[in-house]
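Only one structure is covered here, and it is reproduced in the block below.
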Amino acid sequence: MEPKRLDQAHEDLRELLGAYALGALEPGERAALERHLAGCPSCRAELGELRRAVVALPLIVEEREPSLALRARLEAAARRDLADAAHRGQPDAPAAPPAEIRPFPAVPASRRWLGLGWAAAAVLLVVSAGLLLWNLQLRQSAGPGRGVTVALQAATAAAGANGAVTYLPDRGVVLLAVHDLPPLAPQHVYQVWLIDAAGKPVPAGTFDRSTATHAVAADPRTDRAIAITAEPGPLGSPQPTGAILAQAPIPSA
Amino acid sequence: MASEPDDAALLQGIVRQEPAALMALYDRYGRLAFGLAYRTLGDAGIAEEAVQDAFMLVWRRAGTFDPSRGSGVRAWLLTIVHHKAIDLRRRHGRATTMDDIDQAESVLAAPDVWQAVGQHLDRDRVRAAVAALPNEQQQAIELAYFDGLSHREIAERTGAPLGTIKGRMRLGLRKLAEALADGPAP
């Protein structure tokens, strides 16, 4: 094609950018433009600019008061959704038959917890014993796009505790449901940690009830396990100072 | 600028699946969301459905929001509301009866409190920038964005050639983007 025609063809595509940013293209045109955009940085740059304008458009409408019933319906729907998700994470909840049992990737205990600085040998023993004898029950949650659940392993220091960890892939969230953690000392909180493949723990929030549901944004590609310790409250600690009370690997789908 | 640190904190609460955080976000932006849905749908009942669906999507997907994006939580929420409203409009059409008269007397936001002042300032800025566009550019943009029309449908409705419509959209958005560029992102 002559250079002039190529330019014209490109200009024709560029003319679609405004309509594309506004969602006003028909499907066939959209596909053609998207193919072009994949290889054209200057069009992508212009599209970015146009999108910044589109994103501002909702602000020009008049605000309007919806019914009070909408607020009530929304709150009820959110609470119901939370109850459903937590229920699916319970070890005793009715569930589909167990899926194949997947062993947790075997990593030597000492290397795994290296760098955590937890001195107590007892803790290390518990942890390594837990890892070596780890026997996972993997239950496929019902429904597409729902999570994969693993049981929480309690340390001997938290013998009565139990619970489950569910990864919800379409939300990018790990849901931790735990029962009967040992009671907290005064001015302490339970703190959640996300552990990466090198064994490094990252703070992931706190809660103060011994039976609780806690959700945290997580990515199984980097966050390999979740753990709970007791820490001085109300904010917890930047690095764990207490013994692990319970832990589980984060299941990937 | 929309109160960004507060919005980010609310979103974190939603990621932690705290219903109170979702309801705080609703209290902050529910009227704007409903206004947007209503403008597109013309029917209060269906508009409420769009708003509820949008907030439930935020409830479920808060963990996937990327804070490093240029625009904030408010823009993300309103984009979701917009998509839901356009989707519902394509399915149900738009009500065109008594509700259009209601629109002329739409309820305004609650009186300003300090926290809301900043948000109203940038709303005023965007409104001024859109109002400053040539009428036909403003019209093309609004028909596409709020009424969900394709450029072909807009050409038919306005009687202008298709190429002209595309040009108006692109030029109008570019002008708008320039006008908004000197200042915080909406």
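Every number here is computed from the coordinates shown, using simple stated rules; none is lab data. From a predicted model like this one, the values you see are computed outputs, not experimental measurements. Ideal geometry is used to build each Cβ from the backbone, glycine not excepted, and the neighbour counts take in all protein chains shown.
Overview of values
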{"read-out": "Backbone HN-Hα couplings from phi across segment B:14-30 [Karplus 6.51/-1.76/1.60, Hz, Gly and Pro as x]", "value": "5, 4, 6, 6, 9, x, 4, 5, 4, 5, 5, 5, 4, 4, 6, 10, x"}
{"read-out": "Cβ-derived FRET efficiency at R0 51 Å, B:H92 paired with A:A159, nearest 0.05", "value": "0.35"}
{"read-out": "Charge context of A:T222, other residues only, Cβ under 14 angstrom, K/R +1, D/E -1", "value": "0"}
{"read-out": "Theoretical FRET efficiency, 1/(1+(r/R0)^6), r = Cβ-Cβ of A:A76 and B:A8, R0 30 Å, to 0.05", "value": "0.70"}
{"read-out": "Two-site label geometry, B:A160 and B:D182: point separation in nm, points 7 Å out along Cα→Cβ", "value": "2.6"}
{"read-out": "Average beta-carbon neighbours from other chains, 10 Å sphere, peptide B:134-140", "value": "1"}
{"read-out": "Candidate lysines for bridging to B:K166, where Cα separation is under 23 Å - those fewer than 8 sequence places away on the same chain excluded", "value": "A:K4, B:K175"}
{"read-out": "Shape call, segment B:122-186: gyration tensor on alpha carbons, a/c limit 1.5", "value": "prolate"}
{"read-out": "Förster radius 45 Å - calculated FRET efficiency between A:A83 and A:A197 (Cβ-Cβ, nearest 0.05)", "value": "0.85"}
{"read-out": "Inter-probe distance in nm under a simple model that places probes 7 Å from Cα toward Cβ, at A:E49 and B:A20", "value": "4.6"}
{"read-out": "Net length gained if the chain between A:R35 and A:A9 were fully extended (0.36 nm per residue, minus Cα distance)", "value": "8.0 nm"}
{"read-out": "11 Å beta-carbon shell around B:L88, net charge (K/R +1, D/E -1)", "value": "0"}
